[in-house]
Each structure stands twice: as structure tokens, then as C-alpha cells.
Amino acid sequence: MQELRQQVTEQIRAQQDRLKSLQQENSEVEKSLKLVADADTSAALDFRNQLTSTQILLGVESGDAAYRIEQLQKFLNINF
């Protein structure tokens, strides 16, 4: 049982690190989006679209990581 608890705790830490990294990356994407917000060239519009797509994917992955953390925490609370 102790080994399982250790593994779940490590998974929580790994997911928390992943979530932090995703949030930092999202912050960088937001900064880049601000830089091209008023640009009107086709290259700038393409870049903005790519950044927006990346931001959406980061949001999905962040939500997934947060959900996993929540479920692992619940597992620990119920079983230990």
C-alpha cells in the first residue's frame, strides 16, 4: 500500500509540474498574441492563427492535467 501511495504522490507531482509548464507556455503565447494583435499582413494573420490554435491546445492540456491532479488527490483522500 505504501508503494502505491508513493506512486500516486509522484504522479501528482509530475502532473503539477506539467500544469505549471503548460501555464508558463500559455503565458508566452499570450505575450506573442499581444505583439501581433494589430498586425494586418497575411504573415501576421497566419502567425496569430497559429498562436490561437496553440493557445486552445494548451487550454485543453491544462484542463486535462488539472483533472488528473484532482482525480489523483481524490484517490489519495479516499484510500489513504
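The values are calculated or read from the model by the stated rules, or taken from the named source; none is laboratory data. Because the structure is predicted, anything quoted here is derived from the model rather than measured. With ideal geometry, Cβ positions are generated from the backbone for all residues, glycine too; neighbour counts draw on all protein chains shown. What goes into the accessible areas is simple: the full protein's heavy atoms, side chains included, and nothing from ligands, DNA or RNA. Shrake-Rupley method; radii C 1.70, N 1.55, O 1.52, S 1.80 Å.
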Check: How many of the residues in the range 22-44 are part of a helix (DSSP H, G or I) and either more than 22 Å from G59 (Cβ to Cβ) or not β-branched (V, I, T) (or both)?
Finding: 16
Check: Is it the case that the range 50-69 has a residue that's in contact with a Ser or Thr (Cβ under 8 Å, 6 or more places away or on another chain) and at pLDDT 95 or above?
Finding: yes
Note to self: Between a residue in the range 61-78 that is under 13 Å from R13 (Cα atoms) and part of a helix (DSSP H, G or I) and any residue that is among the basic types (K, R) and at pLDDT 95 or above, which pairs come within a Cβ distance under 6 Å, given they are 6 or more apart or on different chains?
What the structure shows: A65/R18
Item checked: Checking Q16 against (1) of a type in the set (S, T, N, Q); (2) open to solvent by less than 50 Å² (accessible area, probe 1.4 Å); (3) closer than 19 Å to Y67 by Cβ, the condition it does not meet -> (2)
Next item on the list: For T41, work out the one condition from (1) over 19 Å from the mean Cα position of the chain (by Cα); (2) open to solvent by 80 Å² or more (accessible area, probe 1.4 Å) it doesn't fulfil.
Entry: (2)
